[in-house]
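Below is one structure, written out as structure tokens, with a few remarks after it.
The values are calculated or read from the model by the stated rules, or taken from the named source; none is laboratory data. Please read these numbers as outputs of a predicted model, since none were measured by experiment. Please note: Cβ atoms are built from the backbone with ideal geometry, for glycine as well, and neighbour counts cover all protein chains shown. The area values use the complete protein model at the heavy-atom level, side chains included, leaving out ligands, DNA and RNA. Shrake-Rupley method; radii C 1.70, N 1.55, O 1.52, S 1.80 Å.
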Amino acid sequence: RAISEMVAVAPQRFRGLGMVPLQEPELAAKELAVLRSDYGLLGVEIGSNINGRVPGDPHFDAFFAEAERLDLAIFVHSLHPVATDRLVGPPMLVPFVNFPIDTGLAAISLITGGTLARYPKLRIGFSHGGGTLAALLPRLNFGWQNMAALHGSFAAPIETARRFYYDNLVFEPAFCRYLIETFGVTQLFVGSDYPFPAGRGKPREFIGQLGLSASDAEAIRGGNASRFLGL
């Protein structure tokens, strides 16, 4: 409700995503219609794992089927990430190290689990540039090309990854250019992580460091997000 009220105050500036109880996929699916009809939200944000289960687990198919039917965007953000017990140092390392790891694993689960094959109209976006996904894709793709057991189990990893959307919050222009090369300039949009410690300001300045054409820069600043949200 709070997000929908914020959007109502400044609809020219804001669009909203809701949340649902994804630990109960059937109940979450029912709530999606409420987000759309009662609150006017354009999608939903989910965690990178749900009580330890990655979103590519078929357990969540009822949720994805309904999100596709309602034409809702899905944004994946890290939540209770894995391997925090393997860090050495202060607790605040978690958002800088474990968040992108968990986001990458979530994205890979949606590839290897065949979610987009079952629900091809889904629009799914990932925080933190997809986390570790871009670094793991070449190795995963090599395995898919060379091992029959993988090749026959899910679609081409790189081609599937190019159907997802990603925010550009990766802090380094060279790496952001790599994401553009890997996923396509049409698949990235601005991310801020506001108001958390890992957030960064001045997104226009960051995009200006990428050496893009005016039309590509404008797509990342707004056009791609509009497509992701179904506007």
- Task: Determine the relative contact order of the chain: mean sequence separation of Cα pairs under 8 Å and six or more apart, normalised by residue count, in whole percent.
- Result: 16 percent
- Message: To check you understand DSSP bridge types, tell me what percent of the beta bridges within the chain (both residues inside) are antiparallel, rounded to 5.
- Response: 5 percent
- Query: Accessible area of H59, 1.4 Å probe, to the nearest 10 Å²?
  - Reply: 70 Å²
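At 1.4 Å probe size, with the rest of the protein present, what percent of the exposed accessible area of the stretch 101-231 is carbon and sulfur atoms?
The computed percentage sits at 59.
When ligands, DNA and RNA are left out and all protein chains stay put, how many square angstrom of accessible area per residue does the stretch 48-177 have with a 1.4 Å probe? Before the final figure, lay out each step's value.
On the way: 6000 Å² over 130 residues.
Here the per-residue accessible area is 46 Å².
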- Query: Given 10 Å bins starting at zero, what is the percent of C-alpha pairs of the stretch 153-231 in each, up to the one with the largest pair distance?
  - Reply: 18, 50, 26, 5, 0
- Message: From the P(r) of the chain, could you give the percentage of C-alpha pairs in the tail past 21 Å?
- Response: 57 percent
- Binned Cα-Cα distances of the stretch 41-101, short to long, each 10 Å bin given as a whole percent: 20, 43, 24, 11, 1
- Note on the structure: Quotient of Cα radius of gyration and Kirkwood radius for the stretch 88-134, i.e. Rg/Rh, equals 1.11
- Message: Charges on Cβ only, +1 for Lys and Arg, -1 for Asp and Glu, centred on the Cα centroid of the chain; of H59, G131, N98, which one is farthest towards the dipole's positive end?
- Response: G131
- Item | Dmax and Rg, reported as Rg then Dmax, of the stretch 98-169 (C-alpha, Å) | 11.7, 36
- What is the P(r) of the stretch 16-124, as percent of Cα-Cα pairs per 10 Å bin from 0? 15, 45, 28, 10, 1
- Placed amide H near A73: partners under 5 Å, 5+ positions off or other chain: G43, V44
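Rg(Cα) of the stretch 94-222 divided by 2.2 N^0.38 Å? Let's see the in-between values first.
Numbers: Rg = 15.1 Å, N = 129, 2.2 N^0.38 = 13.9 Å.
Relative to the rule-of-thumb radius for its length, the stretch 94-222 sits at 1.08.
Sorted by average packing, counted as other Cβ atoms within 10 angstrom per residue and highest first, what order do 161-167, 77-83 take?
Values: 161-167: 22.6, 77-83: 17.3.
By packing density, highest mean first, the sequence is 161-167, 77-83.
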- Taking each full run of DSSP H in the chain as one helix, which ones are at least 24 Å long along their axis (Cα atoms) and have mean Kyte-Doolittle hydropathy of at least 0.0? 94-112
